[in-house]
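Scroll down for the structure; my scribbles are underneath it.
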Amino acid sequence: MSSKLVVVTGASSGIGEATARRFGQAGAHVVLLARDAERLERTAREVRDAGGTATALAVDLQNRAETLGAAARISGDIGTPDLLVNNAGVGRWRPLVETGPDEAAAMIGVPYLAAFNLTRAFAPAMIERRSGGIAFVTSPASYLAWPNASAYIAARRAIAGFAESLQSELKPAGIFVTIVVLGTVETPYFENNPGSRENIPELDPRLAPVLTAEQAAEALFEGTEQKKRFVVKPAIYRALFVMNALFPKTVASQIRRAAKKARKAGA
């Protein structure tokens with residue numbers, strides 16, 4: 001594998017945990033970042049059991065000082081990552097009038113500002129070395145919009161804009177940037193953000209099946225190993241993104257209906 005030292009944010013559960021295990025299976029040293037120290041240690045054991053090595057660092061990624069401190073510790077004690085996986089994210093999918101200012105700020109803090117701070121911390125050494133990769137895990141909300149998730153969608157748009165700009169900016173320095181767009185993934189996210197599942201637009205499960213965390217991690221692993229610019233899973237979302245660019249009103253209407261159907265089903 002090309003990524004020997006991998007930093008994964010949000011590694012205590014869900015996609016981050018599965019991603020850490022997957023890179024562990026490939027023999028990587030995985031640095032795990034998240035708030036929950038106990039869960040991080042569990043993930044670290046799983047990475048070691050899978051064949052890799054692991055370092056667990058409990059850090060609140062919404063806290064800039066803690067985040068930059070963790071990045072400095074990684075750079076000083078372990079080295080410059082071969083791959084940074086910006087996976088951590090927070091936020092409930094709720095209507096505007098039910099979303100408070102602090103909650104909106106937290107959704108910008110993680111994923112966007114956390115990803116910015118870590119990427120900015122590691123990028124200079126990657127540029128000097130002229131190698132490395134950065135992955136951004138996001139959702140179709142980066143390219144589509146639907147009702148009752150405005151603050152969440154805004155944060156995801158920020159991630160997409162940041163990542164797409166870096167693809168052009170960092171390529172001359174030998175650094176690849178992979179944007180990983182995942183549909184619904186069955187993880188503890190929905191338990192930690194009650195009310196969000198009911199606001200997911202209801203698509204045909206034959207075309208947009210719910211993914212497992214392991215399927216999401218495999219897509220990310222393969223995409224970064226191949227240094228792809230975009231990874232989209234399930235593939236139906238690629239078609240939706242193209243249609244949205246060509247026929248935005250039609251797609252918006254269809255998504256509104258799908259969201260209304262989901263909300264009615266969850267009521």
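Per-residue 3J(HN,Hα) values for the range 217-233, derived from phi via the Karplus relation 6.51 cos²θ - 1.76 cosθ + 1.60 with θ = phi - 60°, read 5, 5, 4, 5, 4, 5, x, 6, 5, 8, 6, 6, 6, 9, 10, 10, 8 Hz in sequence order (x marks Gly and Pro). With the whole protein complex present, residue 98 retains an accessible surface near 90 Å², based on a 1.4 Å probe. Once backbone amide H atoms are built at 1.01 Å from N, residue 60 has no partners under 5 Å, excluding neighbours fewer than 5 places away on the same chain. Which aspartates and glutamates does residue 227 reach when only Cα atoms under 16 Å apart count, and residues fewer than 8 places away in its own chain are ignored? By straight Cα distance, residue 227 reaches 82, 164, 169, 218. With all protein chains kept in place, the per residue accessible area of the range 98-155 amounts to 38 square angstrom at a probe of 1.4 angstrom. For residue 135, the residues 5 or more places off, or on other chains, whose built amide H falls under 5 Å of its own are 84, 85, 86, 178. Using a Gaussian network model of the chain in which every pair of alpha carbons under 10 angstrom is joined by a spring, one finds that among 41, 128, 66 the greatest mean-square fluctuation is at 128.
On the beta carbon distance between residue 96 and residue 45, with R0 = 30 Å, the FRET formula returns roughly 0.10.
Put simply, the amide H of residue 232, placed in the peptide plane, has neighbours under 5 Å in 181, leaving out anything fewer than 5 places away on its chain.
Determine the calculated [θ] at 222 nm for the chain from helices alone, applying -39500 (n - 2.57) to every DSSP H run no shorter than 4 residues and normalising by the residue count; nearest 500 deg cm²/dmol.
Value at 222 nm, helices only, nearest 500: -15500 deg cm²/dmol.
Over 25 Å apart at the Cα level, from the set 228/249; 4/171; 233/260, are 228/249.
With Cβ to Cβ distances under 13 Å as the rule, what net charge do the other residues near residue 174 carry (K, R +1; D, E -1)?
With Lys, Arg at +1 and Asp, Glu at -1, the neighbours total +1.
Other residues with beta-carbon under 15 Å from the beta-carbon of residue 239 carry, at +1 per Lys or Arg and -1 per Asp or Glu, a net charge of +2. Across the range 43-55, rounded Karplus estimates of 3J(HN,Hα) from the backbone phi angles (6.51 cos²θ - 1.76 cosθ + 1.60, θ = phi - 60°) give 4, 4, 5, 5, 5, 5, 5, 7, x, x, 10, 8, 10 Hz, Gly and Pro being marked x.
Pop out the carbon and sulfur fraction of the accessible area of the range 89-197 as a percent, whole number, probe 1.4 Å.
Numbers: 2560 of 4400 Å².
Within the range 89-197, the accessible surface is 58 percent carbon and sulfur.
The values are calculated or read from the model by the stated rules, or taken from the named source; none is laboratory data. Owing to the predicted nature of the structure, the values given are computational and were not obtained by experimental measurement. All Cβ positions, glycine included, derive from the backbone under ideal geometry; neighbour counts span all protein chains shown. Side chains included, ligands, DNA and RNA excluded: accessible areas come from the protein's heavy atoms. Shrake-Rupley method; radii C 1.70, N 1.55, O 1.52, S 1.80 Å.
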